[in-house]
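To start, the structure itself, in structure tokens.
What follows draws every value from the coordinates through simple rules; no lab data is involved. All of these numbers come straight from a predicted model, not from anything done at the bench. With ideal geometry, Cβ positions are generated from the backbone for all residues, glycine too; neighbour counts draw on all protein chains shown.
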Amino acid sequence: MTPVSRRYPAAPVVGIGAVILMSDTSVVLVRRAQEPLAGRWSLPGGAVELGETLRAAAAREVLEETGLVVDVGPIVDAVDHIDVDSEGETTYHFVIVDYLCLPLGGTLRPGDDVDDAVIADVGALESYELTAAARVVIGRAIDLYVEHRRRS
């Protein structure tokens, strides 16, 4: 089977994002080494492989990009990431399912497709210049995390 092209795809690419909360005030961010978003900070994540479940993809991508083993929790949101070139052609189209993840083990370090990984204070995310969608997803994940802790 021919792999799906991510650049100028024939169809949207399904991906996952992981909101890894270290606490209700800190989140793991990665700086992308590849397009789209090369050089920009974002949430860990990537494309789902053929035959792989969304949750398995989330756990795999987190381990590959951050060195962390996580408990993949509930879905936080599903978002579109669509980039268009100057001629109006779609250069990238990802449908991303974002999960709340909690760390179980491992050591934070940059891995596949990223050149840095950090634990960021959610009160100081402005300096990371995250996309608006990433900021919204982080806020929703924190709300889920706080609600879950309150019920426990």
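Ellipsoid semi-axes for the stretch 13-151, based on the Cα gyration tensor and the rule √(5λ), read 23, 17, 16 Å when sorted largest first.
A Förster radius of 22 Å combined with the Cβ-Cβ distance from residue 140 to residue 60 puts the calculated FRET efficiency at roughly 0.45. In order along the stretch 84-93, the Karplus-derived 3J(HN,Hα) couplings, from 6.51 cos²θ - 1.76 cosθ + 1.60 at θ = phi - 60°, round to 10, 7, 5, 8, x, 7, 6, 7, 9, 9 Hz, and Gly and Pro are given as x.
Near residue 17, the amide H atoms lying under 5 Å from its own belong to 97, 98, 99; only residues 5 or more places off or on other chains count, and H is placed 1.01 Å from N.
For the peptides 75-81, 107-113, 62-68, the ranking by packing is 62-68, 75-81, 107-113, with the highest mean count of neighbouring Cβ atoms within 10 Å listed first.
How high is the relative contact order of the chain, in percent, with contacts defined as C-alpha pairs under 8 Å that are six or more residues apart?
Working: 308 pairs, mean separation 47.1, N = 152.
Here the relative contact order equals 31 percent.
Here the 3J(HN,Hα) profile of the stretch 44-58, calculated from phi with Karplus coefficients 6.51, -1.76 and 1.60 at θ = phi - 60°, is x, x, x, 6, 7, 8, 4, x, 9, 6, 4, 5, 5, 5, 4 Hz, Gly and Pro shown as x. The stretch 76-152 and the stretch 48-72 have their alpha-carbon centroids 14 Å apart. Shown for 142, 20, 82, 96: other C-beta atoms within 10 Å of each C-beta, ranked fewest to most, produce the order 82, 142, 96, 20. For the chain, the mean residue ellipticity at 222 nm estimated from helices alone is -7000 deg cm²/dmol, where every DSSP H run of n ≥ 4 contributes -39500 (n - 2.57) and the total is divided by all residues, rounded to the nearest 500.
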